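Undergrad: After the structure tokens below, expect a handful of questions from me.
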Amino acid sequence: MFQTLRKSAIAASAAFALMTSAGLAVVAQPVHAQAASESAAPATAPATPAVPSAAAKPATTTVDNPYGLEALWKTSDAIAKTVLVILLAMSMGSWYVIVVKLIEQTKITRQAKLANKTFWSAGTVLQGAASLEQVSPFRFIAEAGLESTKKHVGLLEHVDLNSWVTLSIQRAIERVQSRLQNGLALLATVGSTAPFVGLFGTVWGIYHALTAIGVAGQASIDKVAGPVGEALIMTAIGLAVAVPAVLGYNWLVRRNKGAMDEVRGFGNDLHSVLLATSRKA
């Protein structure tokens, strides 16, 4: 019996060893298969990210500006358009005056040089006046002085000749000065009122913009900033009209002063010559 148990134990130990070795072989097979597949697989280089071409540029899109002078004119009412037309008329009028007065002052400067060259070298005042241009203010003053000496008769004889000639030449000089100052009042008016006209247009535009926003019930930044910024164009236009008018006014006034100094000097010299020739006569 003891032998029988021993044989059974040996048989069981052999069976257990056989089962253990079979299990280890089954478990090791997938591991070896995976290692074999990994060793058989070809080595691949890591993928490199695509570098964008230097020639490729992002597409640019142009967006039309819904605000500006064109949009302001198309969307504005009759009052805003009237303000724009008034500012345009002011600008055209001021530039016209500046150009015309500049040409006139240049002409007077040239006529002053001609008077100094030809008038005083003539034999008589009449000959000297005839040598000047027909529209020259210096000829006008010379003829006024000659006329005063001829009209010093009758009741005017009771007035001293010196005082009468002085008065006549002074009147002629004042007429020349008045003609030189024509148009300067327009420049002063445009320079002082154009900013306020533009400001009125801005206030009117902002009023309508805010009214439209209130009716629409939307207060986003595009609904507020666009119309308000468009209305501010009126103020910019008003300043653009006023600044050249003010600068032109100051410049022309200064040039007028120089021209009138030439005219007054000519009148004073003429006064002395007329008194001297009348005493000889």
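Where a number appears in this text, it was derived from the coordinates with a stated rule and is not lab data. Being a predicted model, the structure only gives us computed values, none of them experimental. Using ideal geometry, Cβ is built from the backbone for each residue, glycine included, and neighbour counts are taken over all protein chains shown.
Undergrad: Mind ordering 271-277, 236-242 by average Cβ neighbours within 10 Å, highest first?
TA: Ranking, from highest mean packing down: 236-242, 271-277.
Undergrad: Using mean Cβ contacts within 10 Å as the protection proxy, how do 195-208, 83-96 order, highest first?
TA: 195-208, 83-96
Undergrad: Compute the FRET efficiency between residue 182 and residue 74 as 1/(1 + (r/R0)^6), taking r as their Cβ-Cβ distance and R0 = 35 Å, and round to the nearest 0.05.
TA: That pair, residue 182 with residue 74, gives E of 0.35.
Undergrad: Once you have the Cα-Cα distance between residue 189 and residue 264, take 0.36 nm times their residue separation minus that, and quote the gain in nm to one decimal.
TA: 24.2 nm
Undergrad: List the residues of the stretch 226-249 whose backbone N lies under 18 Å from a point placed 7 Å from the Cα of residue 81 along the Cα-to-Cβ direction.
TA: Zone members listed by number: 231, 234.
Undergrad: Could you order peptides 262-270, 140-148 by the average number of other Cβ atoms within 10 Å of their residues, highest first?
TA: Ranking the peptides 262-270, 140-148 by packing returns 140-148, 262-270.
Undergrad: Restricting to lysine pairs 8 or more places apart or on different chains, what number in the stretch 95-234 have Cα atoms under 29 Å apart?
TA: 6
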